[in-house]
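The values are calculated or read from the model by the stated rules, or taken from the named source; none is laboratory data. On a predicted model such as this, the values are computed, not experimentally measured, just so you know. Reconstructed Cβ throughout: ideal geometry from the backbone, glycine too, with neighbour counts over all protein chains shown.
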Amino acid sequence: MAVVKIVNQTNAEVGSIDLADEVFGVEVKPEVLNLVVRAQRAAKRAGTHAVKNRTAVSGGGSKPWRQKGTGRARAGTNRSPVWRGGGVVFGPTPRDYGFKINKKVRTLAMKMALSSRAADEKLTVVDKLELPEIKTKLVSEIAGNLGLRKALIVVSETDNTLALSARNIEGLKILEASKLNVYDILRYPQLVMLQGAVESVQERLK
């Protein structure tokens, strides 16, 4: 069981916390992380792109010319795909790009992502983040104290003051522990977790 120090928002050490090996000490397998990240990104795709086929294109109600006697090829509609302005063949249609990932695999990938950050010493545990008011400058000072450039900050519960103060800072994202996911963990090189969030995540993933 790894022991990580707990710091306050000025980066002063105030204690330590035990990280469960079954959550923060799992062997990392890139193929599992890749599978889950692809599933997450696929689920976010709108899938609303579409084109008009020959039945959806307007016009083409009458036969362009008679069947025989003109010397030209037979034509039943000027909205055929071979005509200019005609329908599109095999074009994209609205669809769902998501695909199913087993719950055990998703849970394992989450543990691997957390273990990766812990192994690379990119995990920082903070006792609490308290702001007296909604002010971006306050979060910038905290980020400077903790040495954060591009980081995911995981809080135990919704904190509107912190979220509103940090939303204009490029490279920082505030996320509740209940919404923690593999893609966001891997997207941000630095992971900051409040003490309560660590306890919540460990309890959920054990």
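Please indicate, with yes or no, whether at least one residue in region 78-86 is outside any loop (DSSP other than H, G, I, E, B), at pLDDT below 95, out of contact with any strand residue (DSSP E or B) (no Cβ under 7 Å at 6 or more places or on another chain) and of a type outside the set (Lys, Arg). Within region 78-86, none of the residues are outside any loop (DSSP other than H, G, I, E, B), at pLDDT below 95, out of contact with any strand residue (DSSP E or B) (no Cβ under 7 Å at 6 or more places or on another chain) and of a type outside the set (Lys, Arg).
Filter region 6-21 for residues that are farther than 10 Å from residue 126 by Cβ and part of a strand (DSSP E or B); which is nearest to the chain's Cα centre (by Cα)? Here the residue is 19. In the set (1) modelled with pLDDT of 95 or more; (2) part of a strand (DSSP E or B), the condition left unmet by residue 3 is number (1). Checked against (1) in contact with a strand residue (DSSP E or B) (Cβ under 8 Å, 6 or more places away or on another chain); (2) of a type outside the set (A, V, I, L, M); (3) over 30 Å from residue 198 (Cα atoms), residue 90 passes all but a single condition, namely (1). Set side by side, the residues 137, 128 differ, and just one is surrounded by fewer than 18 Cβ atoms within 10 Å (Cβ to Cβ) and not in a helix (DSSP H, G or I), which is 128. Whether any residue in region 107-118 is more than 19 Å from the chain's Cα centre (by Cα), crowded, with 16+ Cβ neighbours inside 10 Å and closer than 25 Å to residue 41 by Cα is what I want to check. Yes. I want to confirm something. Restricting to region 74-104 and keeping residues that are surrounded by 14 or more Cβ atoms within 10 Å (Cβ to Cβ) and among the aliphatic types (A, V, I, L, M), which single residue is nearest to residue 204 (Cα to Cα)? Going through the qualifying residues, I end up with 101.
Taking region 134-150, which residues are touching a residue at least 40 places away in the same chain (Cβ under 8 Å) and either within 17 Å of residue 5 (Cβ to Cβ) or of a type in the set (Val, Ile, Thr) (or both)? Give the steps one after another, and end with the answer.
Taking region 134-150 and keeping what is touching a residue at least 40 places away in the same chain (Cβ under 8 Å), we get 142, 145-150.
Passing the criteria: 142, 145, 146, 147, 148.
Residues checked against (1) in contact (Cβ under 8 Å) with a residue 12 or more places away in the chain; (2) over 30 Å from residue 57 (Cβ atoms); (3) part of a helix (DSSP H, G or I):
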position	(1), (2), (3)
95	yes, no, no
99	yes, yes, no
114	yes, yes, yes
132	no, yes, no
161	yes, yes, yes
169	yes, yes, no
173	yes, yes, no
184	yes, yes, yes
197	yes, yes, yes
